[in-house]
Amino acid sequence: MAGRDYSGDGLLVVGDERFPVRYRLQTFLNRGWMDGAGVVSNAGGGTQAAFDASKAILEMDNGQKAPIIVTRWSPGAEFSEFQLAGAIE
């Protein structure tokens, strides 16, 4: 099974808060397991909240949801990087 690319407009869900985002997610095989990483942008305070939280959910425009961990965030940065933290549903 090969990896897949996802991109579009979605929501970054942190607790009870929802932030509109643009996202790009690439999935790939890593030692036989599906893994993934990507970037989100235009989340306002959402990326900081996700960075501070232990986990967030990326709701993609196709209806799928991906648990993520924001791994790189800087105040004022246009993009934040993340890793998948579980299966895409």
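Some notes on this structure:
Matching residues to (1) modelled with pLDDT of 85 or more; (2) surrounded by fewer than 14 Cβ atoms within 10 Å (Cβ to Cβ); (3) in contact with a strand residue (DSSP E or B) (Cβ under 8 Å, 6 or more places away or on another chain):
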{"site": "D5", "(1), (2), (3)": "yes, yes, yes"}
{"site": "G8", "(1), (2), (3)": "yes, yes, yes"}
{"site": "L12", "(1), (2), (3)": "yes, no, yes"}
{"site": "G15", "(1), (2), (3)": "yes, yes, no"}
{"site": "G46", "(1), (2), (3)": "no, no, yes"}
{"site": "A50", "(1), (2), (3)": "yes, no, yes"}
{"site": "K65", "(1), (2), (3)": "yes, no, yes"}
{"site": "R72", "(1), (2), (3)": "yes, yes, yes"}
{"site": "P75", "(1), (2), (3)": "no, yes, no"}
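- Strands (runs of 3 or more DSSP E) completely within the stretch 1-54 that count 1 or more residues being hydrophobic (A, V, I, L, M, F, W, C) and more than 17 Å from I69 (Cβ to Cβ): 17-30
- Qualifying positions in the stretch 17-28 - under 12 Å from V40 (Cβ atoms) and crowded, with 19+ Cβ neighbours inside 10 Å: F19, V21, Y23, L25
- Only one of the numbered conditions (1) surrounded by fewer than 16 Cβ atoms within 10 Å (Cβ to Cβ); (2) modelled with pLDDT of 90 or more; (3) of a type outside the set (F, W, Y) is violated by V39, and that is (1).
- Residue in the stretch 25-37 that is in contact with a Phe, Trp or Tyr (Cβ under 8 Å, 6 or more places away or on another chain) and small (G, A, S) present: yes
- R31 satisfies every condition listed in (1) out of contact with any strand residue (DSSP E or B) (no Cβ under 9 Å at 6 or more places or on another chain); (2) open to solvent by less than 80 Å² (accessible area, probe 1.4 Å) except (2).
- For first residues located in the stretch 15-32 and under 14 Å from A56 (Cα atoms) and among the aromatic types (F, W, Y), partners that are modelled with pLDDT under 90 and open to solvent by less than 80 Å² (accessible area, probe 1.4 Å) and lie 6+ apart or on another chain with Cβ distances below 9 Å form the pairs F19/A43; F19/G44; F19/G45; F19/G46; F19/T47; F19/A49; F19/A50.
The values are calculated or read from the model by the stated rules, or taken from the named source; none is laboratory data. Since we're looking at a predicted model, the values are computed, not measured. So basically every Cβ, Gly included, is an ideal-geometry build from the backbone, and we count neighbours across all protein chains shown. Note: areas computed on protein heavy atoms with side chains; ligands, DNA, RNA excluded. Shrake-Rupley method; radii C 1.70, N 1.55, O 1.52, S 1.80 Å.
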